[in-house]
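Novice: Attaching a single structure in structure tokens format; questions to follow.
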Amino acid sequence: MAEIKGFLETSFVDWPGKICSVLFLPHCNFRCPYCHNHPLVFSPEQYSSISLKDILNRIQPFKDWIDGVCLTGGEPTLHRDLPFLIEEIRRNGFMVKLDTNGSNPEMLEKLIEARLVDFVSMDVKAPLDPFSYRRSAGLPIDLNSILRSIDILKRGMVEYEFRMTVVPALHRKEDISTLANQLRSGRRLVLQNFNPENPLDPSFKEIPPYDPKVLKEMEREVQGMI
């Protein structure tokens, strides 16, 4: 079963409107320069693996309080046995939220069609063109896979949101508007502020994030576009 390298017992921010536990899975196929979870990508062996059994034993007494479990990373859909991990969580009475970069539409579709996930947050890195996506993802990306994942979510078979981590060096206001137009008919685009504390590319430590008020105003504007 997919290794679990991190566990947060309770989170009020990882699932809109719900309280959840968060499980961190290792490895990722992107190299976003602003990523702050990069040790999970490059050196997951430095973290002890945590058994799902121990996690479930820990959260089972709080079943009436914790709504579900969020699977994040890294990129969870890289793990071929992800469905088995989710099935075990669900057997214990918890809903499941998936965080994904959308690069594995086959796995995403499989999970949705099997009704294994209750909510999906897809991180959309940039406007949907090869140059912009490569800059933000840190390497060339198969944009067709990203577009397929977006279309799968838009079918409405599962609750979802699109998220974008906004980095001033990579994303101008017009880039965010462009993406919002491209996602038109999507339900929601959430803008997250870039955290310069421990980015994969050390030069990004020198980049000041957007003022939170400015970012919130930008988010309000794009909500009206999608």
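Novice: What FRET efficiency, computed as 1/(1 + (r/R0)^6) with R0 = 30 Å and r the Cβ-Cβ distance, is obtained for Asp64 and Glu113, rounded to the nearest 0.05?
Specialist: The value I calculate is 0.50.
Novice: Shifting gears a bit: What does the helix-only formula give at 222 nm for the chain: each DSSP H stretch with n ≥ 4 adding -39500 (n - 2.57), the total divided by the residues, and the result rounded to the nearest 500 deg cm²/dmol?
Specialist: Taken over the chain, the calculation gives -9500 deg cm²/dmol.
Novice: Rounded to the nearest 0.05, what FRET efficiency do Arg220 and Glu159 have when you use their Cβ-Cβ distance and R0 = 22 Å?
Specialist: Efficiency at R0 = 22 Å is approximately 0.55.
Novice: Distance from the Cα centre of the range 180-224 to that of the range 114-130, in angstrom?
Specialist: Here the answer is 16 Å between Cα centres.
Novice: Just the number, please: percent antiparallel of the DSSP beta bridges in the chain, rounded to the nearest 5. Let's see the in-between values first.
Specialist: Working: 4 of 27 bridges.
Roughly 15 percent of the DSSP beta bridges within the chain come out antiparallel.
Novice: Taking a spot 7 Å from the Cα of Glu106 along the direction of its beta carbon, which residues of the range 137-178 have an amide N less than 13 Å from it?
Specialist: 145
Novice: Same structure again: Which order do the peptides 111-123, 69-81 take when ranked by the mean count of other beta-carbon atoms within 10 Å per residue, highest first?
Specialist: My ranking of the peptides, most packed first, is 69-81, 111-123.
Novice: Now a separate question. Report the FRET efficiency, 1/(1 + (r/R0)^6), for Glu197 and Lys53, where r is their Cβ-Cβ distance and R0 is 25 Å, rounded to 0.05.
Specialist: Details: r = 33 Å, r/R0 = 1.32.
Given R0 = 25 Å and the Cβ-Cβ separation, E is 0.15.
Values quoted throughout were computed directly from the atomic coordinates according to the rules given, and no laboratory measurement underlies them. On a predicted model such as this, the values are computed, not experimentally measured, just so you know. All Cβ positions, even for glycine, are placed from backbone atoms using ideal geometry, and neighbour counts span all protein chains on display.
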